[in-house]
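Report on the following structure.
The values are calculated or read from the model by the stated rules, or taken from the named source; none is laboratory data. As the structure is a prediction and not an experimental result, all values here were calculated from the model. No Cβ is skipped: glycine too gets one built from the backbone with ideal geometry, and neighbour counts run over all protein chains shown. Just so you know, the surface numbers come from the protein's heavy atoms only, side chains and all, with ligands and any DNA or RNA stripped out. Shrake-Rupley method; radii C 1.70, N 1.55, O 1.52, S 1.80 Å.
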Amino acid sequence: MNVEETELPGLGVRKDFVTASGRRIGVVEHREGETELFVSTWDDPDTCQASIPLTADEAATLGNLLGGQHLAMRLAEDHKELPGIVTRQFSIKSSSPFANQPMGKAQIRTRSGVSIVALMREGEVIPSPSPEDVLHPGDLLVAVGTQEGLDLAAAIFRNG
């Protein structure tokens, strides 16, 4: 994918790309630190159809969701020939009893048989996170296991 960067004098940097359907989508990273997501109109790539200001947390969460989806799809493809093995993503909510706690405190592998294969935070992937890695609200976990195990893991992350 070809990402174009354009300096916006006095404003910041625009980073965007053209989708397969012909739409231009990207972000403007303002000099003051704000991020703005935008989508161009169909007929003019320089005319904005939608613009959504994002806080740093929102931008990180969006990056996690998009990156996590790609990672989960690749893992699902890798496991498609293994009957009964499923890949799922879990988002750590601020209401989770494991938010701001080491991941090992949840004992997910022991309690559900599920393996956490990656942790995504602020657009960065942490492969094979350790039990000492602290979970933060907005983190996205990529897990592999049986459907039943993944359902149980989801309940554990929600309720303890």
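Comparing GLY113, GLY145, GLY33 in a Gaussian network model of the chain (Cα springs below 10 Å), the most mobile by mean-square fluctuation is GLY33. Between the entries [x] 1.23; [y] 1.09; [z] 0.96, the label attached to Cα Rg over 2.2 N^0.38 Å calculated for this structure is [x]. Accessible area of SER91 (1.4 Å probe, protein heavy atoms only, ligands and nucleic acids ignored): about 50 Å². Residue ranges 98-106, 121-129, 2-10 sort as 98-106, 121-129, 2-10 when ordered by packing (mean number of other C-beta atoms within 10 Å per residue, highest first).
In the full protein context, the chain carries 60 Å² of accessible surface per residue, based on a 1.4 Å probe and ignoring ligands, DNA and RNA. Taking K and R as +1 and D and E as -1, what net charge do the other residues with C-beta under 12 Å from the C-beta of SER115 add up to? Overall, the nearby charge balance is +2. Around the amide H of GLY123, modelled in the peptide plane, lie the amide H atoms of ASN64, all under 5 Å away and 5 or more residues distant in sequence or on another chain. Taking the C-alpha atoms only, the angle from helix 56-78 to the longest principal axis of the chain is near 60 degrees. Only protein atoms count toward the accessible area here, which uses a 1.4 Å probe; on the stretch 88-160, the carbon and sulfur part of that area reaches 49 percent.
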